[in-house]
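Visitor: To start, I am sharing the structure in question, which I have written as structure tokens.
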Amino acid sequence: MKKKYYKDKSTFSFKANFIRLLWSVVYYLLFRFSPISFSGYRRFILIIFGAKIDMNVNIYPCAKIWLPSNLSMKKSSCLGRNVNIYNQGHISIGKNTIISQNSHLCASSHNYSYKNPKLPLYTHPIIIGDNCWVCADAFIGPGIKISSGSIIGARTVIFKDTVKDGVYLGNPGKLIKLRKYKKTKLIFKNFN
């Protein structure tokens, strides 16, 4: 996907700014202080504001979402406590994916390559695959693709795409190993 550059005097249109203002009011009055168990209620509010969210998605009330219409989440995914979804660009989260507490997903940055004192904003989408885990306090930068099965360790900073089933740690995030899955057997015992 291409980066989207903004060069106008105002980065966003009046309509976009108005929607953001309305979202901020709704967020603080109806979303932020809702009980933790009211996840369906929060999904409904996000869907009204344009988010594409499947059923069985758990979003904590203290998760911060910059613009719901730039967020899509598939079934059985979770946004933990104090997750910051700074989605000026689109952020897509796959199924069975956990974004743990205090993580930061940022889908925009500023172009500092030119001698432009205004540092024009650009957006670049983040795609997080299925069955991923972004651990506590991790940072995912703009334009990153987190491949399916990847684990981003606590406080890891990711600025490059990941490989499937990779485990990443550090700043900058480095591939430590590949996940190995164990076969599990369900054992049912008769306690009668």
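Visitor: How much FRET efficiency would the formula 1/(1 + (r/R0)^6) give for Lys15 and Lys177, where r is the Cβ-Cβ distance and R0 is 41 Å, rounded to 0.05? Mind dumping the intermediate values first?
Guide: On the way: r = 47 Å, r/R0 = 1.15.
That pair, Lys15 with Lys177, gives E of 0.30.
Visitor: Are there chymotrypsin sites (Phe, Trp or Tyr not before Pro) in region 150-186 that DSSP puts in a loop and that have at most 13 other Cβ atoms within 10 Å, and which ones? Present the calculation step by step, with values, prior to reporting the outcome.
Guide: Values: sites: Phe159, Tyr168, Tyr181; in loops: Phe159, Tyr181.
Taking region 150-186 and a limit of 13 other Cβ atoms within 10 Å, the loop chymotrypsin sites (Phe, Trp or Tyr not before Pro) found are Phe159, Tyr181.
Visitor: Restricting attention to region 26-81, which chymotrypsin sites (Phe, Trp or Tyr not before Pro) occupy a DSSP loop and are surrounded by at most 14 other Cβ atoms within 10 Å?
Guide: Sparse-neighbourhood loop chymotrypsin sites (Phe, Trp or Tyr not before Pro): Phe33, Phe38.
Visitor: Here's another thing I want to ask about it. Pop out the ³J(HN,Hα) list for region 100-110 in order, Karplus 6.51 cos²θ - 1.76 cosθ + 1.60 with θ = phi - 60°, rounded to Hz; leave Gly and Pro as x.
Guide: Going residue by residue, I get 6, 3, 6, 6, 10, 10, 10, 9, 8, 7, 10 Hz, with x marking Gly and Pro.
Visitor: Shifting gears a bit: Given labels modelled 7 Å from the Cα in the Cβ direction, how far is it in nm from Arg155 to Asn56?
Guide: Spacing of the two 7 Å Cα→Cβ label points: 3.5 nm.
Visitor: Collect residues whose amide H, placed 1.01 Å from N in the peptide plane, falls under 5 Å from the amide H of Ile65; neighbours closer than 5 in sequence don't count.
Guide: Ile85
Visitor: Among the listed pairs Lys75/Lys183; Lys115/Lys174; Lys95/Lys177; Lys95/Lys160, which have their C-alpha atoms separated by more than 26 angstrom in this model? Can you show the working numbers first?
Guide: Details: Lys75/Lys183 23 Å; Lys115/Lys174 32 Å; Lys95/Lys177 23 Å; Lys95/Lys160 21 Å.
Too far apart for the 26 Å limit: Lys115/Lys174.
Visitor: Please turn the phi angles of region 44-54 into ³J(HN,Hα) values with the Karplus equation 6.51 cos²θ - 1.76 cosθ + 1.60 (θ = phi - 60°), one per residue in order, whole Hz, x for glycine and proline.
Guide: The phi angles translate into 4, 4, 5, 5, 4, 8, x, 6, 9, 10, 7 Hz.
Visitor: So for Val167, Val83, fewest C-beta neighbours within 10 Å to most, what's the order?
Guide: Values: Val167 20, Val83 23.
Starting with the residue having the fewest Cβ neighbours, the order is Val167, Val83.
Visitor: A further question on this structure: Once you charge only the Cβ atoms, +1 for Lys and Arg and -1 for Asp and Glu, what is the size of the charge dipole of region 56-142 about its Cα centre, to the nearest 20 debye? Mind showing how you got there, number by number?
Guide: Working: 7 positive and 2 negative charges, 31 e Å.
Computed charge dipole of region 56-142: roughly 140 debye.
Visitor: Here is a further query. Fewest to most neighbouring Cβ within 10 Å: what's the order for Met73, Met55?
Guide: Fewest-to-most Cβ neighbours within 10 Å comes out as Met55, Met73.
Visitor: I've got another one for you. When the dipole is taken about the Cα centre of the chain, and only Lys, Arg (+1) and Asp, Glu (-1) are charged at their Cβ, what size is it in debye, to the nearest 20?
Guide: 400
Visitor: So what's the gap between the Cα centers of region 16-47 and region 59-77, to the nearest angstrom?
Guide: The two parts, judged by their Cα centres, are 10 Å apart.
Visitor: Also: Step through the residues of region 130-144 one at a time and calculate ³J(HN,Hα) from phi using the Karplus curve (6.51 cos²θ - 1.76 cosθ + 1.60, θ = phi - 60°), rounding each to whole Hz and writing x for Gly and Pro.
Guide: Using θ = phi - 60°, the values come out as 6, 6, 9, 9, 9, 6, 3, 6, 6, 10, 10, x, x, x, 8 Hz.
Visitor: Share of antiparallel DSSP beta bridges in the chain, in percent to the nearest 5? Kindly include the intermediate steps, with their values, before the conclusion.
Guide: Numbers: 9 of 38 bridges.
Expressed as a percentage, antiparallel bridges in the chain total about 25.
Visitor: Next question, about the same structure. Using 7 Å Cα-to-Cβ label points, what is the Arg81/Asp137 separation (nm, one decimal)?
Guide: 1.5
Visitor: Compute the Cα gyration tensor for region 39-145, then decide on rounded, prolate or oblate, letting a ≥ b ≥ c be the square roots of its eigenvalues: rounded whenever a/c is under 1.5, prolate when a/b is larger than b/c in the other cases, and oblate in all that remain.
Guide: Here region 39-145 falls in the prolate category.
No lab work stands behind these numbers, since they all come straight from the coordinates. In this text, all values refer to a predicted model and were calculated from it rather than measured experimentally. Backbone-built Cβ (ideal geometry, glycine too); neighbour counts: all protein chains shown.
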